[in-house]
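Below is one structure, written out as structure tokens; comments come after it.
No value in this document is a laboratory result; all are computed from the given coordinates. Keep in mind that what you see is a predicted model, and the values were worked out from it rather than measured. FYI the Cβ positions are ideal-geometry reconstructions off the backbone, even for glycines, and counts take in every protein chain you see.
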Amino acid sequence: MIDYIDKIPNNVDLGRDKVLQRALEHWQPAYLNWWYDMGPNESHAFEVYLRTATSVEPDGWAQFGYVRMPEYRWGIFLQPRDVDRQINFGMHKGQAAWQDVPGEYRSTLRRIIVTQGDTEPASVEQQKMLGQSCPSLYDLRNIFQVNVEEGRHLWAMVYLLHRYFGRDGREEAEALLERRSGDDDNPRILGAFNEPTPDWLAFYMFTFFTDRDGKFQLSALAESGFDPLARTCRFMLTEEAHHMFVGETGVSRVVQRTCEVMKENKIDAPSDVRTLGVIDLETIQKYLNFHYSVTLDLFGSDASSNAATYYTSGLKGRFDETKIADDHLLSDSEYPVFEVKDDKIWSKSVPALTALNERLRDDYIREVQGGVDRWNRNMEKAGLRFRLTLPHKGFHRAIGNFAGKYMSPAGEVMSEEAWKNHQHEWMPSPEDYAYVRSLMSGRVVAPGKFANWIAPPSRGVNNQPLNFEYVRFN
Amino acid sequence: MPKVVYVSPTGDPREVDVPVGTTVMAAALKNGIDGIVAECGGVCMCSTCHVFVDESFFNRLPPAQDTEEAVLEISAEERRPTSRLSCQIKMTDDLDGLVVRLPTRQR
């Protein structure tokens, strides 16, 4: 029997919900088995300085202390309910938010929840081996924090499946533990979550770019008319903020270190930079190009009838829906999307309802650009001319109007052959990956020490010093 | 009850009563102040409640802890000497009349 108060912190009255208890008693051991198999490699005895959510209040959910990860208290939290909350968009606008699943939207809602939930364990699987090559205890602790919180996000989605979807929800919850990232026979649902995360630069890029897609998807679901989904996603967003912090500062520290070495040694040729054991800015740009482009695909097709249906039905809103000044119906408005015709890129207006994926993608791009600008402050400070840039929206796309088209990062439409001739100027080559991996052949675990290829952070975690023992190996 | 004046990026002030012990961020959300997002819910992890504190009040605040300093480095609008995260400013009687200016963007 599970001790529901001690083991699963929650604000969903789990102690009294017998149906939910039975479902979780079956699912929890399977989850732990999954964690032992697919969680961070050889980490189960480590004591990690982690934060644990024990309530939704600011002073309650960030409790720090040493925890062995299999004993982490994965909780179930929803943002407190607003009893007056209404559906804010679509054909049900103005009605009271649904507290139960509307029958006509049951299968659609379940699919939305499963698709979101599937991304959570996927990223843990993708990052499984990175602890073996961490650049510091600080970074090791951070990846473990990200991993346990992705696990908690899985719990959050499983709670919804168990609580609101009966038997088929339980079956979906089990399937979330059965799919595997990159598996040929039973892969994760979305493409980017089947890509490998082979090294720490890829991890930082992933948490900056791909976790930010998660933020935008969660933000759109936090507007949902199905109130338990909205409240669940709202709380998940608070944790997602930390993951993006890890990604943004991680990339920034890699860039900073490279800039320091280039300035000190008055060099800028990538081959010279590599001889000094740091990652050349050109390779960082290639990683950026890859992670940005595969993440753009996660937003889906530019014109999507599914997206229109989700919106009209009140299931998934826009980013910051309630702050947008329009009719929240979108029945008469249009939105621009791009298409490629005759080797040129054209903008055309389509019904705004069908372009909701594209709109969310554009919101995302605006925010990502801010982070790239902050990375570039490192070059400005070092007096270097190189700047990181976001490639064109159509570069290296596999979904939407740009799929099947060959475009340079600058947005020139080109032939497949021409693109392939330049591919490794724009995307990491096997040699680039091998070089980056060569820098990360072992882990750096002495307190306060950092690998040569990354600058230390300016501050530690939770006001602890940088030489704090963030992970104790047992 | 002490007051806080939130000044929008265009210079428009809005005065709000803030109970002692409440954070400047929480009061902004409760009163619908545009320009405070507080994506992380007020646990000093995201910088979307960034404010510029009026110089006459800045030195009256307890100094920022390391975590706040770290998070301010990823603020959407570049930090300045008087930058703080409003989730880390708890209201006191001494801070009555506190003026905080909002950045042009938070993300």
Handout entry: Karplus-derived 3J(HN,Hα), 6.51/-1.76/1.60, for each residue of the stretch B:70-78, Hz, glycine and proline x
Key = 5, 6, 4, 5, 10, 5, 4, 9, 4
Practice task
Please express the Cα-Cα pair-distance distribution P(r) of the stretch A:109-237 as a list of whole percents, one per 5 Å bin, running from 0 to the bin with the greatest distance.
Solution key: 2, 11, 21, 22, 20, 13, 7, 3, 1
Practice task
Within a 10 angstrom radius of each residue's Cβ in B:31-43, how many Cβ atoms of other chains show up on average? Whole number is fine.
Solution key: 4
Handout entry: Two-decimal ratio, the stretch B:3-101, of alpha-carbon radius of gyration to 2.2 N^0.38 Å
Key = 0.95
Exercise for the section: Could you pull out every residue, at least 5 positions away or on a different chain, whose amide H is within less than 5 Å of the one on residue A:68? Hs are placed 1.01 Å off N in the peptide plane, and Pro or chain starts have none. Expected result: A:48
Completion exercise
the stretch A:4-472: relative contact order from alpha carbon pairs under 8 Å, six or more residues apart, as a whole percent, is 18
Exercise for the section: Select from B:25, B:49, B:67 the residue farthest towards the positive end of the dipole of the stretch B:3-101; place +1 on Cβ of Lys and Arg, -1 on Cβ of Asp and Glu, and compute about the Cα centre. Expected result: B:25
Practice task
Only Lys, Arg, Asp and Glu count, each charged at its Cβ (+1, +1, -1, -1), so figure out the dipole size of chain A about its Cα centre, rounded to 20 debye.
Solution key: 780
Problem - Amide H contacts of residue A:76 (H built 1.01 Å from N, under 5 Å, at least 5 apart or other chain) - result: A:10, A:11
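Ranked highest first by average number of other Cβ atoms within 10 Å, how do A:465-473, A:269-277 line up?
A:465-473, A:269-277
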Exercise for the section: Using amide H atoms built 1.01 Å from N in the peptide plane, name the residues 5+ places from residue A:350, or on other chains, whose amide H lies under 5 Å from its own. Expected result: A:335, A:337
Handout entry: Inter-chain Cβ neighbour average for residues B:65-73, partner chain, 10 Å
Key = 5
Handout entry: Kirkwood-based shape ratio for the stretch A:366-474, expressed as Rg/Rh from alpha carbons
Key = 1.09
Problem - Distribution of pairwise C-alpha distances over the stretch A:122-184, 10 Å bins, in % - result: 20, 39, 27, 11, 2
Problem - Integer Hz, Karplus 6.51/-1.76/1.60 couplings in order for the stretch A:29-43, x for Gly and Pro - result: x, 5, 4, 5, 4, 4, 4, 4, 7, 10, x, x, 5, 6, 10
Completion exercise
Of the candidates A:273, A:406, A:225, the farthest towards the positive dipole end of chain A (Lys/Arg Cβ +1, Asp/Glu Cβ -1, centred on the Cα centre) is A:273
Exercise for the section: Against the globular-protein guess of 2.2 N^0.38 Å, express the Cα radius of gyration of the protein assembly as shown as a ratio, rounded to two decimals. Expected result: 0.96
Problem - Cα centroid of the stretch B:35-107 to Cα centroid of the stretch A:362-431, whole Å - result: 33
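For peptide A:459-465, how many partner chain Cβ atoms fall within 10 Å of a residue's Cβ, on average?
Working: counts 9, 3, 3, 4, 7, 2, 1.
Counting other chains' Cβ atoms within 10 Å and averaging over A:459-465 gives 4.
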Fill in the blank from the handout: Scalar couplings 3J(HN,Hα) for the stretch A:397-402 by Karplus 6.51 cos²θ - 1.76 cosθ + 1.60 (θ = phi - 60°), nearest whole Hz, x for Gly and Pro, are 9, 10, 9, x, 5, 8
